[in-house]
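Please read the structure below before turning to the comments.
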Amino acid sequence: MQVITSGVAGGAQSHLHALCHALAGRVELCAAIGSQDGRSALGERLAPLGVTTFHLPALRNSTNPLRLRSAVRELRALMQEWQPHVVHAHSSFAGAAARLAARQCGVPVVYTVHGFGFKREAQPIVREMAWLGESLLAP
């Protein structure tokens, strides 16, 4: 199961598409994509590869803890239904939500950092929060 907060064109989305392209036909894949309207450019690009896509309204970049709670709930329900062997999360918010949901479901997680919170150019408070979140979620 791939998890990403946005289905618009970008680096993380290109990376996820390349992974699915390389794995297509070798494993059963699904992708949870943050989307308000149930559609995304990424979802349209994944369909020909046979990737089942789910568009989750709460899975959007946010610093709001209530949004995180909703995203974890949506992902946990999807994981319980889909029963993935492994979850691969892309970006900070998706990484946090996926790791929390997967921990509750007993599913291992791979997390690829695509976020800018770790860059030197990020505001100091953003970097501090990113490192704090990572230190709590990494285990």
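Brief remarks on what is shown
- Whole-percent carbon and sulfur share, accessible surface of the chain, 1.4 Å: 56 percent
- The Rg/Rh ratio of the chain, with both radii computed over alpha carbons and Rh defined as the Kirkwood radius, is 0.95.
- Length-normalised contact order of the chain in % [C-alpha pairs under 8 Å, at least 6 apart]: 22 percent
- Inter-centroid distance (Cα atoms) of segment 46-118 relative to segment 1-36, Å: 11 Å
- The simple spin-label model puts a point 7 Å past each Cα toward its Cβ; for residue 62 and residue 77 those points are separated by 1.4 nm.
- Under the simplified labelling scheme, the residue 131-residue 18 pair shows an inter-label distance of 2.9 nm, with each label point 7 Å from Cα along Cα→Cβ.
- As a rough guide to protection, the peptides 128-134, 69-75 ranked by mean Cβ packing within 10 Å, highest first, stand as 69-75, 128-134.
- Computed E for residue 118/residue 52 - FRET, C-beta separation, R0 30 angstrom, nearest 0.05: 0.45
- Averaging over all projection directions, the Cα-based convex hull of segment 59-139 occupies 5.0 nm² in the image plane.
The values are calculated or read from the model by the stated rules, or taken from the named source; none is laboratory data. From a predicted model like this one, the values you see are computed outputs, not experimental measurements. Ideal geometry is used to build each Cβ from the backbone, glycine not excepted, and the neighbour counts take in all protein chains shown. For accessibility, only protein heavy atoms count, side chains too; no ligands or nucleic acids. Shrake-Rupley method; radii C 1.70, N 1.55, O 1.52, S 1.80 Å.
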